[in-house]
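Working notes, structure below.
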Amino acid sequence: MKLIDMHVHTTASDGVFTPIEVINYSLSKQLSGIAVTDHDTVGGIDEAIRHARDLKDYVVVPGIELSTDYYGEEIHILGYFINHKSEKLNEVLDKLKKARVVRAKKIVDLLNMKGIKISFEEVEKVSGVDVIGRPHIARILTSKGYSKSVPEAFREFLIKGSKAYIPRDKIGVVEAIKLIKAIHGKVVLAHPGLIKEKKLINKILEHDFDGIETYYPGHSTEDVSNFEKLAKEYNLICTGGSDFHQIPTEEDIHEDLGSCSLLLNRIRKWKNEFELRKE
């Protein structure tokens, strides 16, 4: 039985494991593959693919998780089997990367005004070389004792309505879908159970989606049942993933790698289409 985790983050965005480390860790979890779905970046994909070449029958799905806006709510969209070298894609990602930097600097400035002494240089050091995000700031706040944990740092300082929340420029849902389709990817609605305005889910799915992330650590049994029904209604594939960022702590909002995995056969059609494109 071959299993794949279809929602995995690396140090290219806000994960703590490098692509190589994630793959090695996945092997200890008896996984046969992962989808690298970093936030608004494809920076970890090539390293993962190179490392997987030496592993028999191991699958790396090139993917991305795009943050979008839909009627004022942040909606995450997963793109799978994408052409991650597309100039069109990377032009958009470069703009999003710059917007993240601007936002992070504003958050740091606001924290400083409130007596929370961290620097943007510290954020850059934690984030590495690619995308800067709120989790990097949260880790610094935690390491310096301003919060007891990353989730607490988010609740107190970084989410909407908290002390240092700053909104970020995002692309729209339709734009994200068109972008993923233009680079021959499959479009999946990420963790719909986390969408606050539930009435938006059906509206969103009226757009050109290929799948819905049905199996997710934050979804209840009722959520899963509802999303399976929606998948049938809209003729979508049910996908799932752990949304892995790091080995979870007691209060971590994410789960361990492989905690929500799929039979590799479930995405076989997509994988076959991708292999044909490469040939």
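With r as the distance between the Cβ atoms of GLU124 and LYS198 and R0 = 22 Å, compute the FRET efficiency 1/(1 + (r/R0)^6) and round to 0.05.
Details: r = 38 Å, r/R0 = 1.71.
Plugging the Cβ-Cβ distance into 1/(1 + (r/R0)^6) gives 0.05.
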Fill in: Unsatisfied cross-links (Cα-Cα over 29 Å) in the set LYS125/LYS160; LYS56/LYS269; LYS29/LYS95; LYS2/LYS98; LYS198/LYS232
LYS29/LYS95; LYS2/LYS98
Worksheet entry | Theoretical gain in end-to-end length, ASP109 to SER225 [0.36 nm per residue, Cα-Cα removed] | 37.3 nm
Worksheet item: What's the center-to-center distance, using Cα atoms, between the range 176-221 and the range 77-116 in Å?
Response: 21 Å
Fill in: Calculated FRET efficiency for the pair ASN24/GLU87, C-beta based, R₀ 30 Å, to 0.05
0.40
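Taking the mean number of other Cβ atoms within 10 Å as a proxy for protection, how do you rank 234-242, 24-32 from highest to lowest? Each step should come with its number before you reach the end.
Details: 234-242: 20.9, 24-32: 16.0.
Listed from highest to lowest mean packing, they are 234-242, 24-32.
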Worksheet entry | Projected-area mean, the chain, by convex hull of Cα positions, square nanometres | 14.2 nm²
Discussion item. Could you give each residue of the range 166-176 its phi-based ³J(HN,Hα) in whole Hz, using Karplus coefficients 6.51, -1.76, 1.60 with θ = phi - 60°, and x for Gly or Pro?
Written reply: 10, x, 10, 5, 9, 7, x, 4, 4, 4, 5
Item to complete: Using only alpha carbons, build the gyration tensor for the range 122-279 and give me the equivalent ellipsoid semi-axes, biggest first, whole Å.
Response: 31, 19, 18
Worksheet item: Taking the Cα atoms only, what angle lies between the long axis of helix 221-234 and the longest principal axis of the chain, rounded to 10 degrees?
Response: 60 degrees
Worksheet entry | Tilt relative to the chain, helix 19-28 - C-alpha long axis, 0 to 90 degrees, to 10 | 60 degrees
Worksheet, complete the sentence: Taking 0.36 nm per residue of separation between ASP94 and GLU275 and subtracting their Cα-Cα distance, the length gained on full extension comes to 62.4 nm
Worksheet, complete the sentence: Whole-Hz Karplus couplings 3J(HN,Hα) for the range 258-273, θ = phi - 60° and coefficients 6.51, -1.76, 1.60, Gly and Pro as x, run x, 5, 10, 10, 10, 5, 4, 4, 4, 10, 4, 4, 4, 4, 5, 4
Response to the item:
Checked the range 1-86 with the C-alpha gyration tensor, a ≥ b ≥ c its square-rooted eigenvalues, rounded below a/c of 1.5, otherwise prolate if a/b is larger than b/c and oblate if not; verdict prolate
Worksheet, complete the sentence: Once amide hydrogens are built 1.01 Å from N within the peptide plane, the residues lying 5 or more places from GLY15 or on another chain with amide H under 5 Å from its amide H are THR10
Worksheet item: Put a dot 7 Å past each Cα toward the Cβ at MET1 and LEU55; how far apart are the dots in nm?
Response: 1.9 nm
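Values quoted throughout were computed directly from the atomic coordinates according to the rules given, and no laboratory measurement underlies them. Bear in mind that the values here come from a model prediction, so they are computed numbers and not experimental data. For neighbour counting, all protein chains shown are included, and Cβ atoms are generated from backbone atoms with ideal geometry for every residue, glycine included.
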